[in-house]
Each structure stands twice: as C-alpha cells, then as structure tokens.
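Trainee: Quick one: the structure is below, questions incoming.
The values are calculated or read from the model by the stated rules, or taken from the named source; none is laboratory data. All of these numbers come straight from a predicted model, not from anything done at the bench. Here the Cβ positions follow ideal geometry from the backbone for every residue, glycine too, while neighbour counts run over all protein chains shown.
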C-alpha cells in the first residue's frame, strides 16, 4: 500500500512513502527515522502496539486513533486533537501533551507522569487504573 499523509487543513501532501503493509508500519518506520508529522491528518489510524517513542505529532488530528499498548514515551503531541482516541495500556511517560484535546479519550491502565496533566483538556476522559508517577 502506498501511503500519503496530508496536512489537516490545507490537504497538501506532507509525506509520501513507498510500499508498506499498513499505515502503522509506515509511520513507525518514518518516526523512527526522525520524520515529523506536525499538523498531519491521521484520523482513525491503528497505532496499537507501535513504538512511537520520540514521535513529533504536534497539532496532528488523531481523532479516534488507536494507541492501545503503544509506546509514546518522550513523544510530542502539543495541541494535537486526540478526541475519542484509545490509549489503553499505553506508555505516555514524559509525553508532551500541552494543549492536546483528549475529549472522550480512553486512558485506562495508561502509564504517565502526573505533571503531564498540566494544561491538558480532559473533558469526559476515562482514567480507570492509570499508573501515576511523580504525584
């Protein structure tokens, strides 16, 4: 599958890849290579179990994305739209989330630092069995 990722407001292609089995495989490789996806449209993408450590997804539209079991340690999601995203058992340790919209997101059994909640929009977020560090 050839992957095209577009800017969330202009629709302009900001990343184009060769052949990959899935969007997740493509993004995991690109992020590992240092590619940044600022303001990217990545709605409903399946990132379950992906290693996205250090990812740059500032301002990206990740509405409905599935991050279950993913590693987002040291990732930057400043101002990202994470509404209705699934973070079940996701590692958000040291993840920069300032200004992120997490309306109706699931954070059950997520690992994160308490300081990461500052300046975060947590309207109607499910926080069951979250592992808090630094409280």
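Trainee: Is at least one residue of the range 49-59 out of contact with any helix residue (DSSP H, G or I) (no Cβ under 7 Å at 6 or more places or on another chain) and crowded, with 24+ Cβ neighbours inside 10 Å? Before the answer, list the steps.
Mentor: Taking the range 49-59 as the starting set, the residues that turn out to be out of contact with any helix residue (DSSP H, G or I) (no Cβ under 7 Å at 6 or more places or on another chain) are 49, 53-54, 56-59.
Pick out the ones that are also crowded, with 24+ Cβ neighbours inside 10 Å and you get 57.
Within the range 49-59 (the criterion being out of contact with any helix residue (DSSP H, G or I) (no Cβ under 7 Å at 6 or more places or on another chain) and crowded, with 24+ Cβ neighbours inside 10 Å), the answer is yes, since at least one residue qualifies.
Trainee: Something else about it: State the number of residues belonging to the range 1-28 that are assigned to a helix (DSSP H, G or I) and either in contact with a strand residue (DSSP E or B) (Cβ under 8 Å, 6 or more places away or on another chain) or crowded, with 19+ Cβ neighbours inside 10 Å (or both).
Mentor: 5
Trainee: Report, by residue number, each residue of the range 39-52 that is touching a residue at least 24 places away in the same chain (Cβ under 8 Å) and either touching a strand residue (DSSP E or B) at 6+ places or on another chain (Cβ under 7 Å) or not in a loop (DSSP other than H, G, I, E, B) (or both).
Mentor: 39, 40, 41, 42, 46, 48, 52
Trainee: Just the residues that are outside any strand (DSSP E or B), surrounded by 15 or more Cβ atoms within 10 Å (Cβ to Cβ) and modelled with pLDDT under 85, please, taken from the range 94-116.
Mentor: 107, 108, 109, 110, 116 - these are the residues of the range 94-116 that are outside any strand (DSSP E or B), surrounded by 15 or more Cβ atoms within 10 Å (Cβ to Cβ) and modelled with pLDDT under 85.
Trainee: Could you grab the pairs with beta carbons closer than 9 Å, sequence gap of 6+ or different chains, first residue in the range 85-102 and under 12 Å from residue 57 (Cα atoms), second one surrounded by 20 or more Cβ atoms within 10 Å (Cβ to Cβ) and at pLDDT below 90?
Mentor: Listed by first residue and then by second, the contacts come to 95/112; 97/112.
Trainee: Something else now. Checking the conditions here, which among 36, 12 is free of Cβ contacts under 8 Å to residues at least 24 places away in the same chain, under 15 Å from the mean Cα position of the chain (by Cα) and farther than 24 Å from residue 104 by Cβ?
Mentor: After applying the criteria, what remains is 36.
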